[in-house]
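Below: the structure, in structure tokens.
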Amino acid sequence: MTLEWHKDELTALTVLTLSVTISFFASKLSGFLKGVYDIYDLLVLTILVLSFAIVLSLRLRQNWIAEKTWKSKMVKKTQSPVIGILREPQCESSNDGHPFTSFLSNDWNNYLQRQNLKTEILSIGQISDKYSVIINPYGEVYPEVDSITLTSFKSIKQYIRNGGIFVCAGGLAFYYCWDAKTRRRVFLSEEIQPLVPRRALDQNVLIPLSVYPPFYSIVKTLLKRNFGVSPIGDWGFGANGMRAQTIATNQTNEDIRYVGNLGNVGGTNQIDEFRSATEATRRCIPFLRANVPNIGEVYPIAGIPFGRGLLVVCGMDLSSANQAGNITLGQAEFEKICSSIFSLLDGMRRGLIPYDWRS
């Protein structure tokens with residue numbers, strides 16, 4: 001019979017044996033220094049030291065096995081990738097359920113399958129490490145089984161932490177959730193209640209502070225608190241985060257190494273940027289760049305390392321009907337994201353880019 005230790009149990013046992021060893025040695029230290037000790041003290045200390053060494057070696061061996069198993073799974077996932085696409089019927093049927101995107105689960109599924117990629121439709125409760133990539137197609141909304149405990153959001157974080165790639169397509173990721181219990185969209189950022197002095201219409205005096213309807217912070221969000229992403233619209237970046245703006249994009253050679261040349265994917269290098277990650281983002285791997293007047297460089301498509309995995313944020317308005325020539329910008333943005341996913345998986349499969357994003 002093989003004795004299997006849980007990681008937390010083995011860690012606790014390692015700490016316990018070390019603590020007991022140190023405590024015993026400290027209690028006998030003066031005697032050892034003076035040479036006043038008996039054979040039993042020496043025997044007990046030897047047993048404790050050996051016990052600690054054995055437990056520590058077991059812990060290290062467990063870490064080695066876990067690392068080897070994880071790498072084996074990741075190699076398998078990159079060689080035969082499966083892309084999961086979230087589907088929540090209520091998000092599909094309600095305009096509130098998919099702000100800033102016109103592309104729903106079937107659109108992603110059909111397009112990626114035409115690129116010879118294996119896809120599966122899944123519910124938010126079916127998030128699993130079996131998927132190389134999971135796409136949330138609902139723009140700034142994600143499906144949530146409980147908006148109080150954020151059960152689904154925690155599952156997403158764990159999936160990324162374990163090495164998964166989670167793609168949020170459109171706008172500011174995790175700005176809202178779609179609560180399955182209440183069947184409505186719920187803001188997840190901090191509510192701001194402005195107090196603004198308003199000038200009376202018929203006289204040149206200020207009336208008392210008027211309370212306006214609340215709005216919700218673009219910076220104090222789940223995305224900022226959990227992944228360190230600072231978007232356009234963050235305090236100090238002005239009001240640009242409140243509307244989409246058509247701008248040209250560019251890439252460096254390093255960006256192209258990750259996701260290929262996206263310049264003319266979709267037929268244009270222009271996009272409708274909306275709430276992109278900025279240079280203030282704590283950890284960020286740009287895949288697509290743009291320069292916004294009065295702000296500087298921003299990243300409409302970017303990877304945010306978290307644990308061993310990657311959150312891909314796409315600060316664009318995928319519902320845009322604006323045209324560049326005869327090209328619809330929303331469609332071009334959609335194709336750029338799909339191309340990025342394909343290139344990331346291909347690069348990981350060929351060993352050109354890492355599948356452990358901790359480094």
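All of the numbers you see were taken from the coordinates with simple rules; none came from a lab. Here the structure is a predicted model, which is why all the values come from computation and not from measurement. Using ideal geometry, Cβ is built from the backbone for each residue, glycine included, and neighbour counts are taken over all protein chains shown.
Looking at the square roots a ≥ b ≥ c of the eigenvalues of the Cα gyration tensor of segment 228-351, which shape do they give, rounded for a/c under 1.5, prolate if a/b is larger than b/c, or oblate? Oblate, since a/c reaches 1.5 and b/c is not below a/b.
Per the Debye formula on identical point scatterers at the alpha carbon atoms of segment 82-349, with no solvent, log10 I(q)/I(0) at q = 0.07, 0.11 Å⁻¹ is -0.25, -0.58.
Sequence-distant or interchain residues sharing an amide H contact under 5 Å with Tyr138, placed H: which? Hits under the 5 Å cutoff: Ala169.
Listed by Cβ neighbour count within 10 Å, with the fewest neighbours leading, Glu120, Glu144 appear as Glu120, Glu144.
Cα centroids of segment 156-195 and segment 278-305: 20 Å apart. Our coupling estimate for segment 99-108, obtained by passing each phi through the Karplus curve with A = 6.51, B = -1.76, C = 1.60 and θ = phi - 60°, is x, 6, 7, 10, 10, 9, 4, 5, 4, 5 Hz, Gly and Pro reported as x.
At most 16 other Cβ atoms within 10 Å and a DSSP loop assignment: could you name the GluC sites (Glu not before Pro) in segment 252-325 that fit?
Details: sites: Glu254, Glu273, Glu279, Glu297; in loops: Glu279.
Taking segment 252-325 and a limit of 16 other Cβ atoms within 10 Å, the loop GluC sites (Glu not before Pro) found are Glu279.
A dipole drawn for segment 82-349 from +1 and -1 charges on Cβ atoms has a positive end, and of His98, Asn291, Ile341 the residue lying farthest that way is Ile341.
Are there any trypsin sites (Lys or Arg not before Pro) in segment 260-295 that are in a DSSP loop and have at most 15 other Cβ atoms within 10 Å? List them by number.
Values: sites: Arg275, Arg282, Arg283, Arg289; in loops: Arg275, Arg282, Arg283.
In loop regions of segment 260-295 (DSSP not H, G, I, E or B), the sparsely surrounded trypsin sites (Lys or Arg not before Pro) are Arg282, Arg283.
Residues whose amide H falls under 5 Å from that of Thr119, counting only those 5 or more places apart or on a different chain, are Ile83, with hydrogens built in the peptide plane.
Would you work out the charge dipole size for segment 82-349 about its Cα centre, treating the Cβ of every Lys and Arg as +1 and the Cβ of every Asp and Glu as -1, and quote it to the nearest 20 debye? Magnitude of the dipole: close to 580 debye.
Quick one: which of Lys73/Lys157; Lys157/Lys181; Lys77/Lys157; Lys73/Lys224; Lys130/Lys336 span more than 27 angstrom between C-alpha atoms?
The answer is Lys73/Lys224.
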